[in-house]
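Please treat every number below as a calculation from the coordinates, not as lab data. Not measured: the values here are computed from a predicted model. When we count neighbours, we look across all protein chains shown, and the Cβ atoms used for this are built from the backbone with ideal geometry, even at glycine.
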Ligand SMILES: Nc1nc2c(ncn2[C@@H]2O[C@H](COP(=O)(O)OP(=O)(O)OP(=O)(O)O)[C@@H](O)[C@H]2O)c(=O)[nH]1
Ligand SMILES: [Mg+2]
């Protein structure tokens, strides 16, 4: 049984982390640098991020790039005040490893879910997973992409298909998850399961949700509050505990930090393993 104590910041901290992160980031960075899919039908693993508007999907892509390049970047545009989803297009982000090449994984950013007809259509997310949607397509919240549309790719390759699905959700909203958003996320999850696509989740904005984690990033996996959020998220969506990761993005920092990198790289490594296993099971 882990001992816990209350901090001056008001959150209970366990004496030991309930999940151990890798000892150093270098090993994970080396793995990511060398990683290539064994399945020669693809050049990279395609990771799709989905979740409600403002969950921090675009920010996570920037944070991954920042951790890998060792400087804070912001290619995927984010927004702090939009009431509706800020990202509106289907975009693929590749990350430059060195002047000669790219990392062997890409991220797909999409519009977020919202209430009523304001967010991405669930059917469009299913089309993305099957590889039917072309780059830069502007999602129409009112209606799904039709087969006769020029943006509809009728014969997607394995490379076009999604190999890992990642649900993104902010920590402070887990307990107040709106039913219609949950229904949409669950529908996407079930469709991914039907396609055999592995699923993970990242719980974001841990610094906002837990002051002790905001004060010291090394407290993230010691926070009882954040552990409860992982449990609640698991109960709500059915994603196994060990597929749910806590993350803080680079939202206000000017420089990268080892503690923030550790959370991001750990989650990323698990995404790569899941995608590799999927591609080898085909
Ligand atoms: N404090 C804090 N803020 C964050 C974190 N991650 C993202 N943010 C902020 O949350 C806001 C929304 O982030 P986005 O990345 O635009 O969210 P999104 O999921 O892409 O949203 P849409 O494109 O609108 O669907 C931005 O103002 C980010 O700076 C985090 O870990 N901590
Ligand atoms: Mg976005």
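Note: the chain, Cα convex hull, 133 Å³ per residue. Only DSSP H runs of four or more residues enter the estimate; each adds -39500 (n - 2.57), and after division by the residues of the chain the mean residue ellipticity at 222 nm equals -10500 deg cm²/dmol. For helix 224-237, what angle does its Cα long axis make with the longest principal axis of the chain, in degrees from 0 to 90 and rounded to 10? So the inclination is approximately 30 degrees.
Kindly state, to the nearest 0.05, the FRET efficiency for residue 252 paired with residue 84, given R0 = 30 Å and r defined as their beta-carbon distance.
0.85
Listing 195, 271 from fewest to most neighbouring C-beta atoms within 10 Å gives 195, 271. Ranked for footprinting exposure by Cβ neighbours inside 10 Å, fewest first, 75, 46, 161 give 75, 161, 46. Counting neighbouring Cβ atoms within 10 Å and putting the fewest first, the residues 277, 114 line up as 277, 114. One quarter of the surface of the convex hull around the alpha-carbon atoms of the range 98-156 equals 5.3 nm², the direction-averaged projected area. Computed from Cα atoms, the angle from the helix 25-34 axis to the main principal axis of the chain rounds to 20 degrees.
Against the chain, whose longest principal axis is taken from its Cα atoms, helix 258-280 shows a tilt of about 40°.
So what's the gap between the Cα centers of the range 167-240 and the range 86-136, to the nearest angstrom? If we compute the Cα centre of each part, the gap is 20 Å. Suppose each label sits 7 Å from its Cα in the direction of the beta carbon; what would the residue 143-residue 180 distance come out to in nanometres? Result for the modelled spin labels: 2.0 nm.
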